[in-house]
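Remarks on the structure that follows.
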Amino acid sequence: MISTIFRRALYSLPIALAVSLFCFLLVHIAPGDPINAILPPDAPADVIAQVKESYGLDKPLPVQFGIWLFHILQGDLGRSLATGRDIWPDLHSALANTLVLALASAAIGFPLGTLFGSVAGAFRGTWIDRLAVGIAVAGVSVPHYWLGMVMVVIFSVILNWLPSMGASPDGSGAWALDWEHLSHLVLPAITLSVIPMGIVTRTLRGIVGDILNQDFITTLRGKGLKRGGLMLHVVKNAAPQALAVMGLQLGYLMGGSILVETVFAWPGTGLLLNNAIFQRDIPVLQSTILVLSMFFVGLNLAVDLAQALLDPRMRR
Amino acid sequence: MRKLLLAATLSLVAVTAQAEKVLRIAMTAADVPTTTGLPNNGFEGMRFLGYPIFEGLVLWDLSSADKLAGLRPGLAESWEQDKADPKTWIFHLRHGVKFHDGTDFNADAVMFNMERFFNKDSPQFEPAAGGITRARAPLLASYKKIDDFTVAISTTRPASYFPFMMVYPLFTSPASFEAAGKDWAKVALLPAAGTGPFKISKFVPRVSVELEKFDGYWNKSGMAHLDKVVLLPMPEANTRMAALRSGQVDWIEVPPPDGLESLKSAGFKITTGSYPHVWPWFFNIGATNSPVADVRVRQALNYCIDREGLVSLLAGTAEPSVGWLKASDPNFGHPANHYKLDPAKGKALLAEAGFTAAKPLTFKAMISPSGSGQMLPMPMNEFLQQSLKENCNVDVSFEVVEWNTLLGAARYVPDSPNLKGSMVINVSSPSSDVSVMSRYFTSANFSPAGFNFEHWKDDEFESALAKLESATDPTEISAMTQKLHERLVDNPPWLYIVHDLNPRAMSTKVTNFVSPQSWFIDLARVDMK
């Protein structure tokens, strides 16, 4: 097991590097210039040249990438072009905020998706199945930002029950486990949970349906096993696949939803990436994507290990 | 007895807490503007993280809503042009000014900051702040300390309007830089000390910044009325509106125009005010075979658009623009052309230039779907497209690019392939004073060296500007300014479309707000019930 972990960790390094290089190239292929976000539009050419030189943007692209990589290998994520600040503290706080939001969304979306999917799979072809499928399709199809805005209008503007934006009541961004802070989490977490809920529902419906049609279930039924006992077997067989889907979804949630975080002014990685893209803040973009890709790889590894624990066949 | 005392103490604390006046503002910026004393995020950054905290030798006079903001003494009590050398300006610094950290403001602090902005070899050089300042004060050539409270600043050529450029270098305490280990990235987190009516009391990167009233402010008549101001970046207009309506903020910048009626009916105040902003199309005059190289075409287009209709589309949050300055500005002058919707005149001019029903004028416009100061670019440009077609049979197609790309396009040479054949670009701009006019329209500033994207050259304009730059008599300066503006109207480098009216929405608790004719506001005057 330890060698598996070590091997997978090693594999993740070239993946992260390739992702970073790909991202670096994409940013440079796209039109636009970080200078446009730093200087006023009427900045004269000599000023632009001097600022480019100060930030190393005048160097050839391979050299720029090499310098960035050299610093990364020393644990230095560099500084933002837009703010001049170190990237790591900003990225750290964004990751923490997105983690809170992702876990809250998962805590809503995964159990609901599991419930709807299992019930739909167990009662295929019935109105319960159709209802669950309807919810799943709606969850996957409804645009996040639209749902977010509708919820803000209802729960913040009309009813005034919940705050409409931010991660904390005083604008401090500091997190605490009390209702004042939790209330800020409710609307974005619900909004963000609908997609994983829909996907988990669809997946579980298929898995449960398939398992219920398998020979060993027929055998167990024939031997007189009751519904509760049967479901235990179904859950055990469905768990590895369900876990894989949920792990993947959690990875997506950790990437941060640009739209949801923008609508709710939630200071997570989605908002950080969004700003970095529009400002062409290349160091922030590269470092954030690198850290997120490492997280994604780590999460996949954790899911694989959990699957192996649940299903001995996966260990082979 | 102890319970009674405790209750009394708690009541006192509660009353004190209640009495604290905290104003929460949602900005349109996507991030908190930088906090080292020369903020990024354009003029919104200067509005909130600039002037309330850090000051210049010269400041904007933001006391009146009735006239275009002029200048007033700031950290310099007075200034004059050196009679022997008109390229040199002597600034007499104000005595008794303290930075928020308790250190003195003096000529050494001025020199420290000048080196920070203009000398790339100085230890305190801050590239971004230096770039921004140099872009806004391009004529500044050198500086020297004369004594502890006098400095001399020289320009590359005599320029009577140079004081307008001196509102942009803002001054940060040298002690802030020292305390942060001579690292501006760490100064940002200290926070940095300025001399303004507010000091930064708390900064949470990407989330908020809190300003606190500075009791030691030098200008006792300009002391802040509020105890605290919390500034929150909120780029999405509907999010800002919801935050206001749910009571999370007291003031929002730029509410969505289609939400104004609902905000009014919900009891919120909507403030609008004229300010020096133009939402134009820049003509690409210098391109090979450009149809807009002919002045008659540019004049024609200015007669072919329905500005009033566009204002209606924007729910009255803009006013028609018929020149670089507003028609009511004393320096508007007396141009021969009075632009308004006049399709007959527009068509006649187009026909003179060779564009008829059989051979209609056709060109491409480069626009963005959003951007700072861009108002609602998509529906506005679509309205103009329709207006030009209906009124003068002009066919306009769009090249839609992201805002960052459009900003870059303003520096391309006219025939650059990156413009993709665009004959106009839509970039909103300030129109505050002659120093801006000179940066935008002199032939020395042709792109890519400067911001004269159009490659517009007008000999009368250049001659009047040269006279204005060397003039010292206010009457002559005013006469030349009018002349400059008349040329901008009669030989238009831009299609003048609208001036934004700078809408804001705020709670009725907010009082004393004056919407000055400026991109900036005096936050110290604002109060709360």
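The values are calculated or read from the model by the stated rules, or taken from the named source; none is laboratory data. Keep in mind the model is a prediction, meaning the values are calculated, not measured. A quick note on method: Cβ atoms are made from the backbone with ideal geometry, for glycine too, and the neighbour counts reach across all protein chains shown.
Applying the set (1) crowded, with 16+ Cβ neighbours inside 10 Å; (2) out of contact with any Asp or Glu (no Cβ under 6 Å at 6 or more places or on another chain); (3) not in a helix (DSSP H, G or I) to B:Asp121 leaves exactly one unmet item: (1). Could you check, for region B:519-529, whether at least one of its residues is part of a strand (DSSP E or B), within 27 Å of B:Leu361 (Cβ to Cβ) and over 25 Å from the mean Cα position of the chain (by Cα)? No, every residue in region B:519-529 fails to be part of a strand (DSSP E or B), within 27 Å of B:Leu361 (Cβ to Cβ) and over 25 Å from the mean Cα position of the chain (by Cα). Contact map, region B:234-260: residues that are more than 7 Å from every other protein chain (Cβ to nearest Cβ) paired with residues that are assigned to a helix (DSSP H, G or I) and of a type in the set (Lys, Arg), Cβ distance under 6 Å, separation 6+ or inter-chain. Pairs shown: B:Ile252/B:Arg240. Of all residues in region B:427-446, those that are within 12 Å of chain A (Cβ to nearest Cβ) and either under 16 Å from the mean Cα position of the chain (by Cα) or crowded, with 22+ Cβ neighbours inside 10 Å (or both) total 11. Among the residues making up region B:220-244, a single one is surrounded by fewer than 24 Cβ atoms within 10 Å (Cβ to Cβ), closer than 17 Å to B:Leu23 by Cβ and basic (Lys, Arg): B:Lys228. When you look at A:Asn274, is it within 14 Å of chain B (Cβ to nearest Cβ) and either free of Cβ contacts under 8 Å to residues at least 40 places away in the same chain or surrounded by fewer than 17 Cβ atoms within 10 Å (Cβ to Cβ) (or both), yes or no? For A:Asn274, the condition - within 14 Å of chain B (Cβ to nearest Cβ) and either free of Cβ contacts under 8 Å to residues at least 40 places away in the same chain or surrounded by fewer than 17 Cβ atoms within 10 Å (Cβ to Cβ) (or both) - is met. Just so you know, in region B:406-426 the residues that are touching a Phe, Trp or Tyr at 6+ places or on another chain (Cβ under 6 Å) and in a loop (DSSP other than H, G, I, E, B) include one that is surrounded by the fewest Cβ atoms within 10 Å (Cβ to Cβ), and it is B:Ala410. When we screen A:Pro163, A:Pro143 for residues that are within 14 Å of another protein chain (Cβ to nearest Cβ), buried (at least 18 other Cβ atoms within 10 Å of the Cβ), out of contact with any strand residue (DSSP E or B) (no Cβ under 7 Å at 6 or more places or on another chain) and not small (Gly, Ala, Ser), the only hit is A:Pro163. Meeting the requirement of 3 or more residues that are of a type in the set (Ser, Thr, Tyr) and farther than 30 Å from B:Lys364 by Cα, no helices (runs of 4 or more DSSP H) wholly within region B:234-347 can be named.
Residues that are away from chain A (no Cβ under 12 Å) and closer than 21 Å to B:Ala524 by Cα within region B:167-190 comprise B:Val167, B:Pro169, B:Leu170, B:Phe171, B:Thr172, B:Ser173, listed in sequence order.
Could you run through region A:180-203 and say how many residues are more than 17 Å from A:Ser105 (Cα to Cα) and either at pLDDT below 90 or among the charged types (D, E, K, R) (or both)?
The number of residues fulfilling the criteria is 2.
Filtering B:Glu476, B:Glu454, B:Glu469, B:Glu460 for residues that are over 27 Å from B:Leu419 (Cα atoms), surrounded by 19 or more Cβ atoms within 10 Å (Cβ to Cβ) and in the same structural domain as B:Ala293 (by TED's automatic domain parsing) leaves a single hit, B:Glu469.
Restricting A:Leu91, A:Leu77, A:Leu81 to residues that are among the hydrophobic types (A, V, I, L, M, F, W, C), within 12 Å of chain B (Cβ to nearest Cβ), in contact (Cβ under 8 Å) with a residue 60 or more places away in the chain and touching a Ser or Thr at 6+ places or on another chain (Cβ under 7 Å) narrows the list to A:Leu91.
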